[in-house]
1. Restricting to Cα pairs below 8 Å that are 6+ residues apart, what does the relative contact order work out to for region A:133-286? Please round to a whole percent.
2. Helix A:118-133 sits at what angle to the longest principal axis of chain A, using alpha carbons and giving 0 to 90 degrees rounded to 10?
3. What is the angle, in °, between the Cα long axis of helix A:253-264 and the longest principal axis of the Cα atoms in chain A? Nearest 10 is fine, range 0 to 90.
4. Scaled to the compact-protein estimate 2.2 N^0.38 Å, what is the alpha-carbon radius of gyration of chain A, rounded to two decimal places?
5. How many nm is it between the label spots at residue A:283 and residue A:62, if each spot is 7 Å from the Cα in line with the beta carbon?
6. By the gyration tensor of its Cα atoms, with a ≥ b ≥ c the square roots of the eigenvalues, what is the shape of region B:120-188: rounded for a/c under 1.5, prolate for a/b over b/c, or oblate?
7. Over chain A, what is the mean sequence separation of C-alpha contacts under 8 Å (at least six apart), divided by residue count, expressed as relative contact order in percent?
8. Which shape class, rounded, prolate or oblate, goes with region A:225-287 when its Cα gyration tensor gives a ≥ b ≥ c as root eigenvalues, a/c under 1.5 marks rounded, and past that a/b bigger than b/c marks prolate?
Amino acid sequence: MPESRSVVITGASRGLGLASATHLYQQGWRVVAAMRSPDAGLERLRAATGAGADDPRLLGVRLDLDDPASIASAAKTIEEGVGAPDVLVHNAGIAAVGSVEDMPTAVWQQIFSTNLFGPIALTKALLPAMRAARRGRIVVISSQGGVRGMPSISAYSASKGALERWAEALSEEVAPFGLRVTILVTGTFKTDILTEQTTDYGDYAGPYAVHYAGIRRTGGYAVSHASPPERFARALARSLDERAPFARHAVGVDARMLLLGARLLPGWLLHHAIRLAMRLPRHGALG
Amino acid sequence: MSLFDALRFDGKRVLVVGGATGMGAAAAELALDLGAEVVVMDHADVKISGAKAIRLNLVEKASIDAAVDECGGAVHAILACAGVADGPGIERINFIGHRHLIDRALAKDMLPRGSAIGFISSAAGLGWEKNLELLKELIATPDFDSAVAWVQSRDMANYYWMKQAVCAYVSSQAFTMLKRGIRINAICPGPTDTPLARANKDVWLAFGADFRAELGIQASAPIEQAYPLLFLCSEAASGINGITLITDAGYMSSGITGSFPNATMMAKVLMGRS
């Protein structure tokens, strides 16, 4: 039996990460599940996969993307555990809700730390081994906000947009060494990032109250129509067999529609479409 | 004449511009089946047996002129099918080149009374009425070069604007064309399984994927777009002129009326009703 391919998934304790780790484990991958609190997260993973505590195909690694020391030690643990990973999935991410005016500046620091600087540092730590192995893939999980800045999640959108541009640049740099980069633009899936996990800084009595009301209605509709994370996991698994050195795919009907719109519609019309989708007041309607 | 006879093209010559692949190729095959003599112009190799192939690069005016000269004779239907999603030259490939080709054919009196022109526009061409004043300026440009300059100076060389231009052109030419006994119409297809769509499958065919899933239908096949295109150019449609027929399995209608709410926002935006 050939040795299992190895995949490192950050943020594997919940949401898309948990579903992806579970699915890839079931597909025979050797899964390194990186998370802030492996104790609780691994328990969920073992329950989902049926893996035993000593299963060599399921490794938990403590990883705090805001802490350089944690990233360095996680990279070391990963290399000791599986060597140069075949796949590194940057799934971990946080979001926060609130208009640009309502969002505290410190939150921007926090979001960019977890969504951008952390993944960059972890990649840098693992790249020498992956480069030496002359094979491997880095997968970046982006979102609709990374394609087009979305109102009330500007920091999250900016971090995902930056992560995509970083991944594009990286793909050109590492392709000559036989490495691949994949960007997956996610649509709306039923995960905690849509609900309790995301901090809300919006001032619901302030000047953006009307915005929040519209966006909440849209959000409620999106949540009620969101796809199960398992669907995302299957799309991720398919993308891991692609030959191209660089690929960018949308996963989910809404994300695919947005990519189509961003490609075919002029900027002013896309702006208008998003205003309508988010139920925001028209130009000049307030104040 | 029976409806079936009115749909025939016996003794007629049909020119398919962009007929090597996709909807154009389906239209060329269909025209052959309907008894037409078929001329296919394309940048790519034409592999349709029974059709005369002429090399055409819509980006270059000289190539269009040469292709029209090579075609010669009378043409009873021009099917303007060539189109790209993006890239340099899109303004010529999707609109201005077709218009120039038609102008050349008219100048050479190749289109007799009773002939017809059929364009393939797109769902992205809908809602053009809202942009009519601007589009009229483009349509009023006298020739190929001035039209290209007009588009490029306004940063409008993209898929959306050129499909808008096709719809506005077709509608605004109905009167002037019919003065010469020629009808002009367009179809506005929804997602269709063509090489252009397949090249960007996860994005392009995403349009209305939820609508089709709920109905249990597939994206349109090229032949399903060729049928209405040939119909519009046949005698069976002799009373139809200047229309932009939405051939999208009802996505826009379902969105506008709210009978399929997921499509409402998109339909309103595209149809300029928001």
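1. Values: 188 pairs, mean separation 44.3, N = 154.
The normalised contact order for region A:133-286 reaches 29 percent.
2. That works out to roughly 30 degrees.
3. Rounded to the nearest ten degrees, it is 70.
4. Numbers: Rg = 19.2 Å, N = 287, 2.2 N^0.38 = 18.9 Å.
With N residues counted in chain A, Rg over 2.2 N^0.38 Å equals 1.02.
5. Simple spin-label model gives 5.4 nm for this pair.
6. Cα axes put region B:120-188 in the oblate bin.
7. Numbers: 503 pairs, mean separation 53.8, N = 287.
Result for chain A is 19 percent.
8. Values: a/c = 4.50, a/b = 2.03, b/c = 2.21.
It comes out oblate by the Cα gyration axes.
Each reported figure results from applying straightforward, stated rules to the coordinates on display, with no laboratory input. Bear in mind that the values here come from a model prediction, so they are computed numbers and not experimental data. So basically every Cβ, Gly included, is an ideal-geometry build from the backbone, and we count neighbours across all protein chains shown.
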